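**Q** Structure in structure tokens, see below.
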Amino acid sequence: MTTSLSEVLDSRRAAELHKAARALLKEPLLLARGPRTDGYLLVRRYAAELRDWFDRNAGWSLRVDAESARLRKTPGTLAEPTHPAREASRAGVPFSRRRYVLLCLALAALERGEAQIALGRLAEQVVLDAASPHLTAAGVEFTLERREERLDLAAVVRLLLRYGVLRRVAGDEDAYVSGVGDVLYDVERRVLAGLLAARHGPSLIDADGFDERLEALTAESALDSDELRFRAIRQKLTRRLLDDPVLYYDELTDDELAYLTRQRAFLTARVSELTGLVPEVRAEGIAMVDPQDDLTDVRMPEQGTHGHVTLLLAEHLATADGEVSRGELEHRVRALAAVHGAFWSKSAKQPGAEGELVELALAKLTALGLVERTPGGVAALPALARYAVGETVVVESAHRTSQRKAQQP
């Protein structure tokens, strides 16, 4: 009886740890209150085990306090452009360059501010900071004179509300955008302090160019021994297995590929043990497949017109011989509309809609590591082969074949 009870408790504990890890991978910032409270409570219960696992295997630090749990994730590759900040709305429109700048300026103003702040006051601080000669020289201008600028600031604030940096006390952002009201917020300073995921403070970086500054933000200490170099490779590969849809071998350096070849079974087993992801190993690379289908921000296949168009174009690209031009894809969508239009939305069948449909499909396929954009158009990547549809082959069972023979005169 004691052994049986112990096994049940161990199984339950493993399941809860597994669930806590997945909660962090889905939302690296979990709040103690709100819709993700259950995930936060699990992470807090298993904080020690999770902190040790992520630090040792991925090089990610985990901070848990009474208000939030923050997994400071850094990507396996800094050249990944397919996961932008998005509006905290159903449309999820990607942030523009100006919104990114406003986000940074708003965070700086909140860091210097009090425990409460009005949106109008925050806007004044952002306007003052945006007048910096450095930003002006970079072409950044923000004066609040146009409605579009106020909409941009409202989008930034709503993202901070979603992250838990701000908590609305009174008012509404739409009223502020229309110029008929203001909004008051509480500033959650602990959440604000843990928002930045970087190894070095941005103010300490002295480098020219975006790529150089990004590299400096995430640079690790000098790797002066084989043990430290192997650890850095292991952590980078683990980050890519956890974060990237597909890890292609030809994207790795010689040292990374050699390490992965030797330690592939160990690395994938460690990830599977914590997360439940299942390794799919092919000649070109590795994909960690999620049987529960909830550790992704981009789904395929997906319901609706855009999901259907994406799937049809994936099939077309998977069977294409070489690169496919953008014009050919748009022509393909027009032809598909004639066949499948009865199942598509009305707007998708309007003349000229094929351009937007192709762009949305390519954005999704690129984010999933299935295609890459080229100067001449689009090229399929190896993982897209799973969406290729071959010729239909009808196979009859031996039982039915014998019955047919028996019926012959």
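The values are calculated or read from the model by the stated rules, or taken from the named source; none is laboratory data. Worth saying up front: this structure is predicted, and the values here are computed from it rather than measured. Quick reminder, even Gly has a Cβ in these numbers, built from the backbone with ideal geometry, and neighbours come from all protein chains shown.
**Q** Give region 177-215 a look and list any residue that's surrounded by 15 or more Cβ atoms within 10 Å (Cβ to Cβ) and in contact with a Pro (Cβ under 9 Å, 6 or more places away or on another chain), or say none.
**A** Hit for region 177-215 is Ala197, nothing else.
**Q** Out of Val281, Val389, Val298, which single residue is in contact with an Asp or Glu (Cβ under 9 Å, 6 or more places away or on another chain) and under 30 Å from Leu242 (Cα atoms)?
**A** Criteria check complete, one pass: Val389.
**Q** OK, next. Would it be correct to say that Arg121 is in contact (Cβ under 8 Å) with a residue 40 or more places away in the chain and surrounded by fewer than 19 Cβ atoms within 10 Å (Cβ to Cβ)?
**A** no
**Q** Follow-up question, since we're still on this one. Can you name the helices (runs of 4 or more DSSP H) wholly within region 156-270 that have at least 2 residues being among the polar types (S, T, N, Q)?
**A** 226-243
This table checks each residue for (1) at pLDDT 90 or above; (2) out of contact with any strand residue (DSSP E or B) (no Cβ under 8 Å at 6 or more places or on another chain); (3) outside any helix (DSSP H, G or I).
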{"residue": "Glu328", "(1), (2), (3)": "yes, no, no"}
{"residue": "Ala337", "(1), (2), (3)": "yes, yes, no"}
{"residue": "Gly341", "(1), (2), (3)": "no, yes, no"}
{"residue": "Leu357", "(1), (2), (3)": "yes, yes, no"}
{"residue": "Lys364", "(1), (2), (3)": "yes, yes, no"}
{"residue": "Gly369", "(1), (2), (3)": "yes, no, yes"}
{"residue": "Val378", "(1), (2), (3)": "yes, no, yes"}
{"residue": "Glu391", "(1), (2), (3)": "no, yes, yes"}
{"residue": "Val395", "(1), (2), (3)": "no, yes, yes"}
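**Q** For region 278-334, which positions are within 20 Å of Arg264 (Cβ to Cβ), out of contact with any helix residue (DSSP H, G or I) (no Cβ under 6 Å at 6 or more places or on another chain) and buried (at least 18 other Cβ atoms within 10 Å of the Cβ)?
**A** Ile286, Ala287, listed by residue number.
**Q** While we're here: Quick one: Ala348 ticks every box in (1) under 27 Å from Ala91 (Cα atoms); (2) touching a helix residue (DSSP H, G or I) at 6+ places or on another chain (Cβ under 9 Å); (3) part of a loop (DSSP other than H, G, I, E, B) bar one, so which box is it?
**A** Of everything listed in (1) under 27 Å from Ala91 (Cα atoms); (2) touching a helix residue (DSSP H, G or I) at 6+ places or on another chain (Cβ under 9 Å); (3) part of a loop (DSSP other than H, G, I, E, B), Ala348 misses just condition (3).
**Q** Counting only residues that are surrounded by fewer than 16 Cβ atoms within 10 Å (Cβ to Cβ), among the charged types (D, E, K, R), in contact (Cβ under 8 Å) with a residue 24 or more places away in the chain and more than 18 Å from Leu277 (Cα to Cα), how many does region 14-53 have?
**A** Residues that pass the stated criteria total 2.
**Q** Could you list all residues from region 64-80 that are exposed (fewer than 15 other Cβ atoms within 10 Å of the Cβ) and closer than 22 Å to His200 by Cβ?
**A** Thr77, Leu78, Ala79, Glu80, listed by residue number.
**Q** Got a sec? Which of Arg270, Arg373, Arg299, Arg282 is touching a strand residue (DSSP E or B) at 6+ places or on another chain (Cβ under 9 Å) and among the charged types (D, E, K, R)?
**A** Arg373
**Q** List the pairs whose first member sits in region 163-181 and is among the aromatic types (Phe, Trp, Tyr), whose second member is in a loop (DSSP other than H, G, I, E, B), and whose Cβ atoms are under 7 Å apart, counting only residues at least 6 apart or on separate chains?
**A** From residues that are among the aromatic types (Phe, Trp, Tyr), the pairs are Tyr163/Leu195; Tyr176/Asp182.
**Q** Give the residue that is farthest from Pro375 (Cα to Cα), with candidates limited to residues of region 298-326 that are among the polar types (S, T, N, Q) and in a helix (DSSP H, G or I). Walk me through it before giving the result.
**A** First, pick out the residues of region 298-326 that are among the polar types (S, T, N, Q): 303, 305, 310, 319, 325.
Remaining after also requiring in a helix (DSSP H, G or I): 305, 310.
On the way: Thr305: 28, Thr310: 21 Å.
In this case the residue turns out to be Thr305.
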